[in-house]
Each structure stands twice: as C-alpha cells, then as structure tokens.
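Participant: Have a look at this one before I ask anything.
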Amino acid sequence: MKKIIVSMLSLLFCVTGWAGIESDFPGKQSEWNGGARYDFHVQGRDAILVVPQKARPGNPWIWRPAFFDAFPSVDKALLAEGFHVAYYDLTHLYGSPRAMSLGHDFYQYMTTEQGLSKKVTMEGFSRGGLCSLNWATKYPECVACLYLDAPVCDVLTWPGRGTNTEGGQLWNDLLKEWNIEDNGMDYFPGNPINIENLKPIAAAGIPIFAVCGGSDKVVPYEKNMEVLRSRFVALGGSVEVIVKPGVDHHPHSLENPGPIVDFVIRNQPQYQSKQYYTLRGKFRNAFLKFDTTLEGRVAFLGGSITEMRGWHNQVMDMLRQRFPKTQFDFVEAGIGSTGSTPGAFRLQHDVLSRGKIDLLFVEAAVNDDTNFFPPVEQIRGMEGEIRHALLSNPEMDIIMLDFIYDPFIEVCRQGHIPNVILNHECVASYYQIPSINLCQEVYERMEAGEFDWKKFGGTHPSWFGHKFYTAAIARVMDLMWKEGIAQTKMTAHPIPAKPMDPHSYFNGDFLDIHQAVLGDKWSCVENWDSEIKVEKRRGFVNVPMLEVREPESKLTLDFEGTAIGIFCVCGPEAGIIEYSVDGAPVKKLNTFTDWSGRLFIPWVYMLESELSPGKHQLTMWMSKESDKRSKGTALQIRNFVVNQ
C-alpha cells in the first residue's frame, strides 16, 4: 500500500505509521482480544486503535466516540472478522460542532495516511449515539452504516432539564459546549431526531441498526430511538431495531452479537461490490403494508435450499427487526427437490390458501436444472408462479432468487450465466420483478478467495453461506424501498395482458386424488408410508396417496383444463406408466429418477400440457415394462395437477 504523507496532519497527530498497515504505531502498545492495541493522544484527547491479525479487503473499521471497551461483544467479533476497532474520545462534547471538527480530523488521518476505508462504521452507545448520528449528518459521504445502542436522540430526555445534581451538571455542560442559553433550548439544533438532521443520512442511504432496552429509564426508547426510527423510515431510510423486553439502559449490546456483526459486514462498500441484482418495477407495497397496518404475510416458495434452516429464517428475523411492531405471518413453503413446475401447481394450496400475500420470494433455478426440466418448462413453471401470484393479488411484491450449485460453478468459470437463470430472468423482466443473481456473487467471492465451496456449505449452504443470500436481499430492499419513497399508497403492479407462453401454468392447481375412478389393482392409502427404509420428504409421507404396484389395471380421471399431470413420489420401486388423454395414442413415462434408489423424491410429471380448453379424460395404468434400476412396478400419486 502506497503511503501518502500529509504533513499538516502528521504534525497535528504526532504519528508516523501504523502497525499491521505500514510500520510500528507510536504510543503504548498492548494486546486486546487478539489484536494489537495502540493507545495515544490526539490534541490531548484519548485515542485507541486495535489492529486485526488479518485485515479484510478494503480495511474496514468501526469507530466509537465514547466508552471504549464497554460491552464490547460487537467490537470483539468484528476484530475477529478483520475490522480495525478505533476509539477517539468525544464523550463529553455532546455531538457539538467542535466534536464534529475534531472527529473529522481524526477520520481524515485514519483514511488518508493510514489507508483505512473511506466509509467508516459509526458505533454510538448512549450519549455516543448523539455524536455518531450528528457526525453522520455532517459527513454522510464518510459513513458506511451506523450501529447504535440505547442512543441519545433527544437531549431533552437525556441529560434533560433534570433537577438532580448529576443531570443538572450534565445539562449545564451541554449548554456550555453548544454555547446556548437554557431559555433557547425549546428547540435544539443538534438533536438527531430533527427531520433536517436525518435527511442527509437517509439521502445517502446509510442504514442503521439499533439495540435498545424496552424498559430503559435513562434514555427511554419510546422518546429516542423509536421516534428516530419512525421519522427516518418516512424519509426512505433503512432501520433495524432489536428491543430487549424488560431491559433497562444496561446492559448494552447482545450476548450473541451476530445480527449486528452481519449487518455491519454486509454494509461495507467492498462487500457490496460483488452483489448482483436487477432492480425492476416498483417494490414498496409490502413496506407500506408492514409499516402502516402493522400486519404482514410473507411467503417463501422454493426447494430444499428454501426449506432448510437458512436464508428464509434470517430474512424473517430481519423483517421483524425492520418492523418491530408488525405482526407477521410467515408462509414457509419450501419443499425439497421441487422446482418451478411443481411450484406453479402447489402455489394455490401451499401459499395462496393462507390468505393475501404481501411479499413473495421465489427460487427454482437449481432444481429446474438438476431435475432436467427443459427450457419450455422452466418458462411455463416460473411464469405460472409469478403470473398466478400477481393475479391473486396485484399489489403483491415479489423477489426472484437465483441460487448456485456445483454444475453452475463451471458455467460461471467460462464466463457464462446458466441457461436456466437466463430463462427465469426473462420471466422476471417480462413481469418487472426484481431479481438477485446469487450464483454469480458466490462464484466471484470464491474466485477472490473469500471462502471455498466447502466453507460456503455447497448446494445446501451452511449458516455462514446463507448469510450471503440474506445480505443481497437486504441490499435490494434498502435500495428499492428508498427509491420508492414518493409512493405513499399501495398500487397494483401492471400485469401484461398476454402471458409469455399461453400454456404457462398460471391457472395451476391440485385435483383431489379421490376424484379418480380406480381399477382393481389401485388403492387409495389414506396414511401412506413405505416399509422401504429410504428418505421421504416432509408432506409426502403419512398423507393420502393413490398407489398401484401391478401392471395393466386402469385408472380414469375426468378433468377440465389445458394441462394434466401427476405429483408423485418416485422411490426404489418406481415403474413405467402408460397413459392416454381422450383416447389419443398411448404414451409411456418412466417415473424412476436418478435419485429414486435412495429417496422417495417428490416429482411432477406433466402428461399433457397443450390441450384445448374444456373437459377431458385421462386413462392411466402401470406398464409391464420396468426400469432396470427399479425394484418393482409401483406408483404413488399424492395429487393430480391441472392447468384450469
């Protein structure tokens, strides 16, 4: 790193280098939680820098203007993540203009001479919040994000015009520092809750994370951070809040600082530079619903990456933090091995039946690819999900996610985007739905050496890996909610008059298996299970199933629509079926999959997908033929699927 010498600042601070960056840093050296700590003075004020053992790219840093080493769980965790931890004592300056000037000189030295990031994370505990917020107002271009903990946002609540000795002295100290008379304090220009002070922070897109005690008697939450949050959000700002029920002013922070640490990391410029998203259309209806009605219903539709504990749980927590008073109903509709075609047909039953959906997440790229769905099915399935969802509620906001799995890595290495992602992106573009290419992001981070495929967790990411998915979602929310600040009421999304493909499954639904007429070898097992000891998916065991295990016995089903299929489980005994619709020539379908030997895998087989509208009849039976890998000639059907 090339060092730039700024002679005036060097004389001002009486320092010449920095351990871990250029050279030994002067002052008292010691160790602090695994980092090299340096204590020194700047213009007679205490300063501390803790240097990590290995700095993250871009040299990010967090700066406390008050109370170093008090409740330091976040600082310790960020130090371990490669952040520099800085302290410059502005504790008793009450966020004054003098404090702003001193702080800016300190910032200039850290960034210009010592190469720390131009975007600092400000950390404000209690009265330190007053300083951190005011500094962000004065210098928004210098701030990445704000972490506040029980922050003073209104000096009339703290120190206040109190009568006790300590409060009175602190109040007088504030008046003296600001050179204001008591009778001029009906309006205080340095209060962070003032709209004019919040506007520069919101306009710069600086997000805030706050932790507060719900029973804080020193700096009451409802008169400080709650007021700030309400006004900041109205300006288009992003705020996440964790309110600790029954907790007073102390203890600060969280025993598990993970949510704060994740927030700080994902809001660093270097981190955000590798995120890939496309902002389309409008995306503020859900925000307005959550913030004004204090109610919201959010659905997650996808495969096993959505079903597992991971990104969708993290997003649920994030939404609760962004809207701490809102009561959410979360619809967790992930089912392993299912892609967009199953998603289109189960959308009504698994998602829309729960009530009006305000925000929907959809993902299917991995399963559409690994399950060998052809491009036409990828379009029909994804359009089926999106169009059906919007027709059910035109005000619904939707985000499309494109995840990564092993085969996509080589495609990215060759400089291409996987075809299935391109196909889904066509649907997102047609319906003006924002989308996030997490496949490209994860690939580039691995190429940059941030982590390897094993640490990420592979196709089914570790908790660590899922954080990258959540961070990108948070970024899109921040940008689109800020972009839509002029929208003050919910509006319908425009729905194209014609679908991309007239045979897309946007009228998809289930047909009850009990409607079928069964031959003598068929049975309806009301609580189906198998004695074969292989894995079975949730929702596809101990449920009603139509089952046949011998050839030639026929099933018939009368239905109305343009497409018909079966939602079945294909296990070790999966056979080959023969079928005909309306007496057409007989077709054969092998239901044994590459996974059937070790799993009763849920699978949607479309038997006919381009029928003329109207009534039809399906006839189906088990063939005498069988796949050589199969141990039998069996079929279990959980649902018929129909595009009505």
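The values are calculated or read from the model by the stated rules, or taken from the named source; none is laboratory data. Just so it is clear, the model here is predicted, and its values are computed rather than measured. Positions of Cβ are generated from backbone atoms using ideal geometry, with glycine treated the same way; all protein chains shown enter the neighbour counts. Accessible surface is based on the protein model in full, side chains and every heavy atom, while ligands, DNA and RNA are left aside. Shrake-Rupley method; radii C 1.70, N 1.55, O 1.52, S 1.80 Å.
Participant: Enumerate the amide H contacts of residue 329 below 5 Å, restricted to partners 5 or more residues apart or on another chain; note that Pro and chain-start residues carry no placed amide H.
Facilitator: Distant-sequence amide H within range of residue 329: 296, 297, 298.
Participant: In whole percent, what relative contact order does segment 98-253 give with Cα contacts below 8 Å and a gap of six or more residues?
Facilitator: Averaging sequence separation for qualifying contacts and normalising by length gives 23 percent for segment 98-253.
Participant: Pull up the cross-link candidates among the aspartates and glutamates for residue 533, meaning alpha carbon to alpha carbon under 14 Å and not fewer than 8 places away within one chain.
Facilitator: 573
Participant: What is the list of residues in segment 431-449 whose amide nitrogen lies under 18 Å from a point 7 angstrom out from the Cα of residue 422, following Cα to Cβ?
Facilitator: 436-441, by backbone N distance to the label point.
Participant: Going by the alpha-carbon gyration tensor, a ≥ b ≥ c the square roots of its eigenvalues, is segment 364-407 rounded (a/c under 1.5) or, if a/c is not under 1.5, prolate (a/b greater than b/c) versus oblate?
Facilitator: It is oblate, given that a/c is not under 1.5 and a/b is not larger than b/c.
Participant: Compute the accessible area per residue over the chain, keeping the other protein chains in place, probe 1.4 Å, unit Å².
Facilitator: It amounts to 40 Å² per residue over the chain.
Participant: With all protein chains present, how much of the accessible area of segment 559-601 (probe radius 1.4 Å) comes from carbon and sulfur, to the nearest whole percent?
Facilitator: 50 percent
Participant: Where the centre of each part is set by its Cα atoms, how far does segment 384-437 sit from segment 202-233, in angstrom?
Facilitator: Each part's Cα centre sits 36 Å from the other's.
Participant: Quick one: grab the alpha carbon gyration tensor of segment 137-219, order the square roots of its eigenvalues as a ≥ b ≥ c, and give me rounded if a/c is under 1.5, else prolate or oblate depending on whether a/b is larger than b/c. Please report the intermediate quantities before stating the final value.
Facilitator: Details: a/c = 2.61, a/b = 1.47, b/c = 1.77.
In terms of gyration-tensor shape, oblate.
Participant: Which translational diffusion coefficient, to the nearest whole µm²/s, is obtained for segment 353-461 from the Stokes-Einstein equation, given a Kirkwood hydrodynamic radius over C-alpha pairs, 25 °C and 0.890 mPa s?
Facilitator: 166 µm²/s
Participant: Something else now. Just add up the charged neighbours of residue 487: K/R +1, D/E -1, any other residue whose Cβ is under 9 Å from the Cβ of residue 487. Intermediate values should be presented prior to the final figure.
Facilitator: Values: positive: 282, 284, 489; negative: none.
Local net charge: +3.
Participant: In addition: With respect to the cross-link table entries 356/455; 28/274; 138/289; 138/176, which display a Cα-Cα separation exceeding 28 Å? Write out the running numbers ahead of the final one.
Facilitator: Values: 356/455 38 Å; 28/274 38 Å; 138/289 33 Å; 138/176 21 Å.
Cα-Cα > 28 Å for 356/455; 28/274; 138/289; rest within.
Participant: Further question on the same structure: Identify the residues of segment 537-567 with backbone N under 12 Å of a label point that sits 7 angstrom from the Cα of residue 515 along the Cα-to-Cβ direction, or state none.
Facilitator: Label zone hits: 557-565.
Participant: 7 Å from Cα along Cα→Cβ at both residue 558 and residue 615: what's the point-to-point distance in nm?
Facilitator: 0.5 nm
Participant: Let me ask something else. Under the rule of -39500 (n - 2.57) per DSSP H run of 4 or more residues, summed and divided by the residues of the chain, what mean residue ellipticity at 222 nm is obtained, to the nearest 500 deg cm²/dmol? Please report the intermediate quantities before stating the final value.
Facilitator: On the way: 20 runs with 195 residues, N = 644.
It comes out at -9000 deg cm²/dmol, rounded to the nearest 500.
Participant: If you don't mind, there's one more thing I want to ask. Which value does Rg/Rh take for segment 267-402 over its C-alpha atoms, Rh per Kirkwood?
Facilitator: 0.97
Participant: Give me the lysines in straight-line cross-link reach of residue 223: C-alpha distance below 22 Å, same-chain residues under 8 apart excluded.
Facilitator: 199, 244, 325
Participant: Moving on. Which sequence of 358, 512, 558 reflects their accessible areas, 1.4 Å probe, from the largest down?
Facilitator: Largest to smallest exposure gives the sequence 558, 512, 358.
Participant: To the nearest Å, what is the center-to-center distance of segment 94-138 and segment 554-578, using C-alpha atoms only?
Facilitator: Using only Cα atoms to place each centre, the spacing works out to 66 Å.
Participant: Shape call for the chain from the C-alpha gyration tensor, a ≥ b ≥ c root eigenvalues: rounded (a/c under 1.5), prolate (a/b greater than b/c) or oblate?
Facilitator: prolate
Participant: When the accessible area of segment 153-231 is computed with all protein chains present and a 1.4 Å probe, what percentage of it is carbon and sulfur?
Facilitator: Details: 1770 of 3670 Å².
About 48 percent, which is the carbon plus sulfur part of the accessible surface.
Participant: While we're looking at this one, here's another question. So how much slack lies between residue 215 and residue 270, counting 0.36 nm per residue of separation and subtracting their Cα-Cα distance, in nm?
Facilitator: Gain on extension, residue 215 to residue 270, equals 16.1 nm.
Participant: In segment 591-615, whose amide N lies under 18 Å from the spot 7 Å out along Cα-to-Cβ of residue 534? List them in ranges.
Facilitator: Backbone N within reach: 591-605.
Participant: Subtracting the Cα-Cα distance from 0.36 nm times the residue separation, let me have the gained length for residue 523 to residue 176 in nm, one decimal.
Facilitator: Working it through step by step, the gained length comes to 116.2 nm.
Participant: Rounded to the nearest whole Å³, what is the per residue volume of the convex hull around the Cα atoms of segment 588-644?
Facilitator: Numbers: hull volume 5.9 nm³, N = 57.
So the per-residue Cα hull volume is 104 Å³.
Participant: Take every DSSP beta bridge with both residues inside the chain and express the antiparallel ones as a percent of the total, to the nearest 5.
Facilitator: Of all bridge pairs located within the chain, approximately 60 percent are antiparallel.
Participant: State the volume of the convex hull built on the alpha-carbon positions of segment 98-168, expressed per residue in Å³ and rounded to an integer.
Facilitator: 94 Å³
Participant: Quick check: the distance between the Cα centres of segment 580-644 and segment 339-382, to the nearest angstrom?
Facilitator: Rounded to whole Å, the Cα centres lie 19 Å apart.
Participant: Still on this model: Express in nm, to one decimal, how much length is gained between residue 141 and residue 30 on full extension, taking 0.36 nm for each residue of separation and deducting their alpha carbon distance.
Facilitator: Length gained between residue 141 and residue 30: 36.7 nm.
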